Amino acid sequence: MFSNSPFLAACQECGMVSRVPNLLEDQVASCPRCGNSLVTRIKGCHSKVFAYGLAALILQGVSCFFPFMAIDVEGISQQVALIDVLVVFFYFNKAALASLLLLTIIFLPAFYLMGLMTLFAMAWYSATSQTCLGDSSWVKRLFRFVFCVEPWLLVDIFFIGALISIIKMASLSDISIGMAFWTYFVFALLVVKCSRKADRHLLCAYLFAPVSTGDVQPGDSHLTGNHLVCYLCNQINPVTDKKVDRLTHCQRCHFGLYPYNPGKSIRLTTAVLMTSMIFYFPANLYPMMYTTSFGDTDGSTIMDGVILLWKLGSYPVALVILTASIILPLTKMLILVHLLWYQRRQEEEALQVVLERLKLYRFIEVIGRWSMIDVFVVAILTALVQFGELMRVTPGRAVFYFALVVIFTLLSTRFFDPRILWKNIPCTHSDGHMTARNCRRFDRQEAL
């Protein structure tokens with residue numbers, strides 16, 4: 001059961017094990033070596049998850065079937081619901097893209113919210129009844145599903161894509177916003193809030209039985225070879241006799257464990273990164289969408305769309321599309337190439353240099369998802385603008401390639417193990433003991 005006594009936590013970015021002291025509510029413990037957040041205590045997380053999750057599910061139902069937006073061209077009007085936007089690719093024989101949109105915008109967020117609320121309900125029951133419900137295999141499977149799909153929720157990005165679509169079409173036709181547009185906006189906010197208010201450490205402590213960390217001590221790291229860390233629940237799994245290959249699953253949530261293997265990580269990252277680079281060229285050379293106006297059909301690439309928006313005076317939207325669709329994917333690829341290249345060096349490097357590279361890694365983790373904006377813009381415009389030969393928008397071949405670029409760049413970031421950056425930076429047992437400056441409150445900047 002949950003105890004607020006000091007415990008051990010391993011950083012997933014630098015690998016060092018630290019002793020986390022007693023934490024107050026709304027307090028976060030950061031790694032003493034790299035500053036990565038290890039544990040965050042959230043006040044009233046149970047009630048916040050239920051409130052945000054239930055409200056989000058209700059608003060999602062409203063958003064799917066009520067009018068999302070409408071367009072009027074030469075006296076002919078058409079309105080679409082959110083579900084029309086997401087299934088539009090089916091009508092153009094792009095089932096893979098349609099399935100991707102349905103999963104990331106509708107199904108996965110709904111399953112995520114329901115699963116998260118179920119887990120916290122069981123954790124609340126475990127806290128009141130002094131029992132551990134996490135011993136059941138289906139509870140562990142639910143836990144793994146919920147936190148594995150969390151990075152793939154793209155509801156906030158889809159809403160930004162809807163805004164860009166409105167601005168893009170406002171100069172060419174009359175656009176009206178339906179009720180579902182605003183309910184989806186609140187839904188996206190609630191999904192983000194719900195995920196941030198989910199105290200994973202508290203959930204695991206209430207849901208699962210305690211697991212011993214063995215002989216692992218503060219200051220140990222991934223180079224010590226005496227433990228493996230679970231990516232989902234952050235449980236430290238002790239290894240006996242230094243045989244890390246024998247430990248395949250987390251003792252607490254049963255998620256797969258993978259020994260520290262820099263060579264394998266670099267090979268996987270390189271292979272997936274090269275794949276994304278290959279798809280990047282057709283994604284920018286082929287038309288992203290085709291626009292039919294009075295019988296004439298013109299194809300436009302990503303850059304053509306940016307130039308058109310700039311000529312129409314939509315400078316902010318043009319810059320957003322340019323940044324999200326061209327600059328960000330290219331920047332992410334170049335940063336990964338930079339990180340992979342410098343792993344060839346064997347000499348010891350300064351701590352500040354390693355921290356700067358770690359900041360680059362954190363940056364590409366944040367920006368990777370936002371490149372999907374252009375795919376969502378094409379989906380919305382395709383569903384909205386269907387007036388026969390008068391005006392029609394159809395998706396181009398580049399949409400599929402661009403979606404693959406985003407997916408493979410996300411996977412390449414996942415495969416890259418940031419602990420590789422610390423291979424020449426030793427740590428001592430004294431480094432693993434946190435001080436007051438490593439534990440801060442949300443509402444204040446000073447250390448507690």
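The values are calculated or read from the model by the stated rules, or taken from the named source; none is laboratory data. All values derive from a computational prediction rather than experimental measurement. Note: ideal-geometry Cβ built from the backbone for every residue, glycine included; neighbour counts use all protein chains shown. In case anyone asks, the SASA skips ligands and DNA or RNA and just uses the protein heavy atoms, side chains included. Shrake-Rupley method; radii C 1.70, N 1.55, O 1.52, S 1.80 Å.
Any chance the range 337-347 includes a residue that's assigned to a helix (DSSP H, G or I), more than 18 Å from the chain's Cα centre (by Cα) and surrounded by 17 or more Cβ atoms within 10 Å (Cβ to Cβ)? Yes, the conditions are met somewhere in the range 337-347. Among what's in the range 410-429 and is in contact with a Gly (Cβ under 7 Å, 6 or more places away or on another chain) and modelled with pLDDT of 65 or more, pick the residue that is farthest from Leu154 (Cα to Cα). Checked the range 410-429; the qualifying residue farthest from Leu154 (Cα to Cα) is Thr428. Inside the range 37-85, residues that are in contact with a strand residue (DSSP E or B) (Cβ under 7 Å, 6 or more places away or on another chain) and in contact (Cβ under 8 Å) with a residue 40 or more places away in the chain make up a count of 20. Which numbered condition in (1) over 24 Å from the mean Cα position of the chain (by Cα); (2) part of a helix (DSSP H, G or I); (3) more than 20 Å from Phe376 (Cβ to Cβ) is the only one that Thr118 fails? Every condition holds for Thr118 apart from (1). Scanning the range 105-118 for residues that are out of contact with any helix residue (DSSP H, G or I) (no Cβ under 6 Å at 6 or more places or on another chain) and in contact (Cβ under 8 Å) with a residue 60 or more places away in the chain yields a single hit, Met114.
Identify the residue in the range 248-260 that is assigned to a loop (DSSP other than H, G, I, E, B), without any contact (Cβ under 8 Å) to a residue 60 or more places away in the chain and open to solvent by 70 Å² or more (accessible area, probe 1.4 Å) and, among all such residues, is nearest to Arg392 (Cα to Cα). Here the answer is Tyr258. The test for being of a type in the set (Asp, Glu) and closer than 29 Å to Leu163 by Cβ does not hold for Glu356.
The residues in the range 163-196 that are of a type in the set (S, T, N, Q) and within 30 Å of Ile42 (Cβ to Cβ) can be counted, and the count is 2.
The single condition from (1) touching a Ser or Thr at 6+ places or on another chain (Cβ under 6 Å); (2) surrounded by 22 or more Cβ atoms within 10 Å (Cβ to Cβ); (3) at pLDDT 85 or above that Gly432 fails is (3). Among the residues making up the range 64-87, a single one is under 17 Å from Val385 (Cβ atoms), open to solvent by 10 Å² or more (accessible area, probe 1.4 Å), aliphatic (A, V, I, L, M) and part of a helix (DSSP H, G or I): Val87.
Taking the stated definitions as given, is Cys14 out of contact with any Asp or Glu (no Cβ under 6 Å at 6 or more places or on another chain) and in a loop (DSSP other than H, G, I, E, B)? Judged against the criteria, Cys14 is a match. When residues in the range 277-308 are screened for being under 19 Å from Ile380 (Cβ atoms) and among the aromatic types (Phe, Trp, Tyr), 1 of them pass. Put simply, of Asp156, Asp199 the only residue that is of a type in the set (D, E, K, R) and over 17 Å from Val49 (Cβ atoms) is Asp156.
When residues in the range 309-334 are screened for being buried (at least 16 other Cβ atoms within 10 Å of the Cβ), part of a helix (DSSP H, G or I) and more than 25 Å from the chain's Cα centre (by Cα), 1 of them pass. Counting the residues of the range 41-63 that are open to solvent by 10 Å² or more (accessible area, probe 1.4 Å) and part of a helix (DSSP H, G or I) gives 14.
Starting from residues that are small (Gly, Ala, Ser) and touching a residue at least 40 places away in the same chain (Cβ under 8 Å), keep the ones in the range 261-299 and report whichever is surrounded by the most Cβ atoms within 10 Å (Cβ to Cβ). Checked the range 261-299; the qualifying residue surrounded by the most Cβ atoms within 10 Å (Cβ to Cβ) is Ala283.
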